[in-house]
1. Would you work out which of Val98, Ile164, Thr55 lies farthest towards the positive end of the dipole of the chain? Charges go on Cβ: Lys and Arg +1, Asp and Glu -1.
2. Find how many whole Å separate the alpha carbon centroid of the range 77-134 from the alpha carbon centroid of the range 137-199.
3. If packing is taken as the mean number of other Cβ atoms within 10 Å per residue, what is the order of 7-13, 37-43, highest first?
4. If contacts are Cα pairs under 8 angstrom and at least 6 residues apart, what is the relative contact order of the range 1-54 in percent?
5. First check a/c for the range 95-138, with a ≥ b ≥ c the square roots of the eigenvalues of its C-alpha gyration tensor; if it is under 1.5, answer rounded, and if not, answer prolate when a/b is larger than b/c or oblate otherwise.
6. Rounded, prolate or oblate for the range 1-54? Axes are the square roots of the Cα gyration tensor eigenvalues, ordered a ≥ b ≥ c, and the cut-off for rounded is a/c under 1.5.
7. Choose one of Leu107, Ala85, Ser124: the residue whose Cα lies farthest towards the positive end of the charge dipole of the chain (beta-carbon charges +1 Lys, Arg; -1 Asp, Glu; about the Cα centre).
8. Charges at C-beta only: +1 for Lys and Arg, -1 for Asp and Glu. How large is the resulting dipole of the range 24-135 about its Cα centre, in Debye rounded to 20?
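Coordinate-derived values only; no laboratory data. Everything numeric in this text was worked out from a predicted model, so none of it was measured. Neighbour counts are summed over all protein chains in view; Cβ atoms, including those assigned to glycine, are modelled from backbone coordinates with ideal geometry.
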Amino acid sequence: MTVPTQNRQGTATRTRLVKTAERLFAAHGVDAVSVRAVNAAAGLGPSSVNYHFGTKDDLIAAVLLDLGAAVRDRIRANTDLLAAAETPPTAASLVRAVTEPYRDLLLRHRTRGMRWIKIVTQLSLRDHPALTAAEADLPEHLHTQLRRAFPRSDPARLESRWAIALMGFLQALARADEWHPATAPPAENLLALYEDQVVFLIGGLERLLGPPGQGNDGVVGT
């Protein structure tokens, strides 16, 4: 069965718009880039984004899911493995379950992966609805494992501190290309940065929340 030419052209145009938007959003910021700018940079008509996606938020969601669906699904699979284990997860297993898919994305797609992480970091800072939609129900499943790991920690403080810690990790990754501004950072630099951030993140969680499986009331030194 052959795919109609019109459908192939539509798919190619959507891909072109997504990749153009990804490049512009990462370089200039999501808020600073207009739909008109995306259309112009893609060499398409002024109504192309509206025709193929509907709104700018729909385009942002498409950019997030283009590379991010695989990251999200991998984190969900890792979280399911933690949930299936009889013993609660450790801080290390939680951190690596969430962060390794980001590392692997950057190793597979150095330039585009870096752009994607920059965009995710921007959107996370203001809890953009497109990011919330792209995550689906993943945060709920992660928070369940957090509560298993630190059962005596206050749930609200636990989730807020986890969010702060993960944001720090993303912000560090988003700046990795500053070491090599002319090119994507080499794999060995990315791996070194990743390991440093993971060790820092694990230690911070254990310091703030207490030994996994025991926890505390969310106050350091109690």
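1. Result: Thr55, furthest along the dipole toward the positive end.
2. 7 Å
3. On the way: 7-13: 11.7, 37-43: 16.9.
Packing proxy ranking, top to bottom: 37-43, 7-13.
4. 30 percent
5. Details: a/c = 2.24, a/b = 1.37, b/c = 1.64.
In terms of gyration-tensor shape, oblate.
6. Numbers: a/c = 2.96, a/b = 2.16, b/c = 1.37.
It is prolate, given that a/c is not under 1.5 and a/b is the larger ratio.
7. Selected residue: Leu107.
8. Working: 13 positive and 11 negative charges, 93 e Å.
Dipole magnitude for the range 24-135 comes out near 440 debye.
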